[in-house]
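Contents: one structure, followed by commentary.
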Amino acid sequence: MFFDHNTYDSKDAWSLVFDGYEPKDEGHGEALCALGNGYLCHRLSAAKILARQNGYKGAMFPWRSASTGREETPRFQFSLLSGHWMCDRTNLQHHINAIIACNLWRYYNLTNDLAFLMDYGAEMMVEITRFWASIVTYNPDLDRYEICGVVGPDEYHTAYLDAKTFGINNNTYTNVMAVWTLCRTQEVLNLLSPSCRREFCDRLNLSQEEINQWDLVSRKMHIVFQDDGILSQYEGFDRLQEFELQPFCDQQFNLILEAKGDNINRYHVSKQADTAMLFFLLSQTELTTLLERNGYFFNRTQMQRMIAHHLRYTVHESSLSRLVYAGALARCDCEKSWQLFMETLFADLSGASSQETKNGIHLEAMAGTLHLLQHHYLGLHAYDGNICLEPSLPTSLKRFHVSLQHQGNDLEIEVIDSHLNLIASPINSSSVQIVCWSDVMDLQPGTSITFNLLDSVSSVKLKFPFNKKV
């Protein structure tokens, strides 16, 4: 597990939080996860204050913070290209709240740490969900809920051209992850025993009426599609002016335009992966189910076209952008995914990044490549006490090995050509249920299981258990 942590003038920016297994050789992986989650738990009070200050309920975590937990994003940034002070409203990236909830949920599934969930995690999930339920506005013409005035992961587009207010409307990533949080929090409440749930709801003044409202919002969220049927980045994005991006790849395109007296909000271009992050964080089945819950239908062909479309208009200013696209493409274009993976892997060795590397290595991208190997190419996830695998291996990836600890049990997973081997330590306290495509098997202590990936892929019939619940 790792936090995508950047430092801006001694401030912390938590832009992505990924789940993952710590290698058992380093030990204490679960404790490391708990430490990261504990950091966030201690910021809950400040996040609740920030929500109230902005007119919302629940907890609204800041985009950039420091020791106090307050929002520390500067309102202006100086451009060395133009010599101008530029308005900075990246603090409107409220999607950070969904990824914190995502980390809490995945930590629980990794560790089965119900005590953490009862003591800290459930309360955080509820307060984040309250924030999402309070930031939405109901549009009677659409009979749907909208999230307006935000900034998506792209970061370039912070307002509509010539608008008097900041933010854009119905960023697809933000809206879908809000729905994900609303659904998962209801599932968290169902994990509590009846007596614990009553006590918990009384303590937080949480009524069934409020929970029913969450459910309603999670079924009537407005998701924006382009005319050609693919997911739009946000409302109006597809109507922006196109631009030849190739000369500006890996550059601060918004600053270049500002120095020329132009405005990035005019153009159909992204700084980094935005909508594609949905396919990085969620499986195709999980995302499809969330969309269907809201009355939208989305198939694999639309997925492939959407990722290819948005990739074409992304300049990859962030070192994490190609990484996200590599993960998003792992299921539908594995060879293109591998190309982007290799570009990310060698980011600090290439000439293009040599100037940046003088200020430090791209640590988040390094950790992200490990995440990609485990969770996208190997398809490794934990759910309901099971280890679930859905391999999608590039042809160049012939062998790799990972050691992990799952709920106190030590396991080895290795890929050798077309075979996937799982080996359980003889000192494990219990068996572990393994789900690989349509095969479900118990891995007993001191034993091993081998899957023929060619046979498994050709006979896929069963969806993952962790994809069924929404």
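Key figures for this structure:
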| read-out | value |
| --- | --- |
| Amide H contacts under 5 Å for Asn409, placed H, 5+ residues apart | none |
| Segments 133-143, 435-445 sorted - mean Cβ within 10 Å per residue, highest first | 435-445, 133-143 |
| Top positive-direction residue, dipole computed over region 255-364 with Cβ charges, set Ala276, Met306, Leu363 | Met306 |
| Sequence-separation-based contact order of region 100-158, relative, with Cα cut under 8 Å and 6+ spacing, percent | 19 |
| For region 155-286: span of alpha carbons on each principal axis (Å, largest first) | 63, 35, 28 |
| Rounded Å value of the spacing that divides the Cα centres of region 168-219 and region 97-123 | 14 |
| Selection from Ile128, Met118, Phe166, by position along the positive dipole direction of region 105-232 (Cβ) | Met118 |
| Cys87 accessible area, 1.4 Å probe, all protein chains in place, Å² to nearest 10 | 70 |
| Region 373-446 - accessible surface per residue (Å², probe 1.4 Å) | 39 |
| Whole-Hz ³J(HN,Hα) from phi, Karplus 6.51 cos²θ - 1.76 cosθ + 1.60, for region 54-62, glycine and proline x | 9, x, 10, 9, x, 10, 10, 6, x |
| Distant-in-sequence amide H partners of Phe225 (H built 1.01 Å from N, under 5 Å) | Ser232 |
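The values are calculated or read from the model by the stated rules, or taken from the named source; none is laboratory data. Remember, it's a predicted structure, so these values are computed and weren't measured experimentally. Positions of Cβ are backbone-derived with ideal geometry, glycine not excepted, and every protein chain shown enters the neighbour counts. Quick note on the areas: whole protein, heavy atoms, side chains included, nothing else; ligands and nucleic acids left out. Shrake-Rupley method; radii C 1.70, N 1.55, O 1.52, S 1.80 Å.
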